[in-house]
Structure formats: C-alpha cells, structure tokens
Amino acid sequence: MIAASSKDLDRFVAGLARVPHRPDLYNPYRGPGGPARRANLVRYFSLMAARSPRYLLVGEAVGYRGGRMSGVPFTSETLLFEGLLDVPVLGTNCGYERATRPGPLWREATATIVWE
C-alpha cells in the first residue's frame, strides 16, 4: 500500500485546481464552488485512507451531475450528504461541504450504481 501524507494530498488537489478551464474542459476544482469541492476531495481521500482500501477506481472524467457538483469522483451530492447504509465515508456526519446553490441535491445514476 502506498501512503500519502496530508501535505502530499493537499499538494495534489492544489495541482488539480491549477488546471485552467478550456472550451473542451471544465475543471470542477477551480472557480465558484472550487474550494468546497477541493475540501470534499481531500476529506474523502482522508476518510478512505483511514480504511486502507485495497482498490482505487480511476475515471476518465467526472459526471456532470456527480463529481462535477460534489468534487468526489463517482459520487453525487445526494450520496455525499445522504450517504448509503454500510458506507461510512458518505453521509451528513462526514464533514463535507456543499459546493452548489441551495435547493435539491444533485443526483447521478452512475454514481449510485458504483456505490451500490
């Protein structure tokens, strides 16, 4: 297992935020909501690291109603804040921040399928 310090993790997430937007690229870790999404990603990685997972899923792009809104890949706002049974890294008690406007939480089908 490879362990990363919180300093390494902060540096990695700060690097994500430096990638500029382009016509063919939206960077959810930059601009409005970016600080909350970066905090969510750091929080998620920290919670997962404490569980010593055997696998890490890597995706090509975040879903437009999932990770783009929450900051956590394969995870919608609904999952981030409402959680799922038996998934201790998701839910209201995990310390995540809302990055989007008030109103209904964003849902994304693929995110739910990945976690279920």
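Among the listed residues P35, P73, identify the single one that is of a type outside the set (D, E) and touching a helix residue (DSSP H, G or I) at 6+ places or on another chain (Cβ under 7 Å).
P73
Residue by residue, here is whether (1) at pLDDT below 95; (2) aliphatic (A, V, I, L, M); (3) under 19 Å from A99 (Cα atoms) holds:
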| position | (1), (2), (3) |
| --- | --- |
| A4 | yes, yes, no |
| L9 | yes, yes, no |
| G34 | no, no, yes |
| P53 | yes, no, no |
| G67 | yes, no, yes |
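Considering only residues that are surrounded by fewer than 19 Cβ atoms within 10 Å (Cβ to Cβ) and among the hydrophobic types (A, V, I, L, M, F, W, C), which ones fall in the stretch 46-86?
If the condition is that a residue be surrounded by fewer than 19 Cβ atoms within 10 Å (Cβ to Cβ) and among the hydrophobic types (A, V, I, L, M, F, W, C), then L47, M48, A49, A50, L56, L57, V58, A61, F81, L84, L85 are the ones that fit.
Considering only the stretch 16-31, state which residues are surrounded by 10 or more Cβ atoms within 10 Å (Cβ to Cβ), free of Cβ contacts under 8 Å to residues at least 40 places away in the same chain and part of a loop (DSSP other than H, G, I, E, B).
Answer for the stretch 16-31, where residues must be surrounded by 10 or more Cβ atoms within 10 Å (Cβ to Cβ), free of Cβ contacts under 8 Å to residues at least 40 places away in the same chain and part of a loop (DSSP other than H, G, I, E, B): V19, H21, N27, R30, G31.
Which condition breaks for A49 when tested against (1) closer than 20 Å to L90 by Cβ; (2) at pLDDT 95 or above?
With (1) closer than 20 Å to L90 by Cβ; (2) at pLDDT 95 or above applied to A49, the lone miss is (2).
Just a yes or no: is a residue in the stretch 87-96 within 23 Å of L25 (Cβ to Cβ), surrounded by 16 or more Cβ atoms within 10 Å (Cβ to Cβ) and either touching a residue at least 40 places away in the same chain (Cβ under 8 Å) or among the basic types (K, R) (or both)? Before the answer, list the steps.
From the stretch 87-96, those within 23 Å of L25 (Cβ to Cβ) are none; that's our starting set.
Within the stretch 87-96, not a single residue is within 23 Å of L25 (Cβ to Cβ), surrounded by 16 or more Cβ atoms within 10 Å (Cβ to Cβ) and either touching a residue at least 40 places away in the same chain (Cβ under 8 Å) or among the basic types (K, R) (or both).
Test R37 against the criterion of being of a type in the set (D, E, K, R) and within 26 Å of D24 (Cα to Cα), and give yes or no.
Yes; evaluated as a whole, the condition is true for this residue.
Considering only the stretch 4-15, I want to know if a residue exists there that is on the phi < 0 side of the Ramachandran plot and outside any helix (DSSP H, G or I).
Looking for residues that are on the phi < 0 side of the Ramachandran plot and outside any helix (DSSP H, G or I), one finds at least one in the stretch 4-15, hence yes.
Restricting the search to the stretch 33-71, which residues are within 18 Å of L105 (Cα to Cα), in a loop (DSSP other than H, G, I, E, B) and either more than 9 Å from the chain's Cα centre (by Cα) or β-branched (V, I, T) (or both)?
G33, V62, G63, Y64, R65
For the stretch 38-70, give me each residue that is in contact with a helix residue (DSSP H, G or I) (Cβ under 7 Å, 6 or more places away or on another chain) and β-branched (V, I, T).
V42, V62
The values are calculated or read from the model by the stated rules, or taken from the named source; none is laboratory data. The model shown is predicted, which means the values in this text are computed figures rather than measured ones. Reconstructed Cβ throughout: ideal geometry from the backbone, glycine too, with neighbour counts over all protein chains shown.
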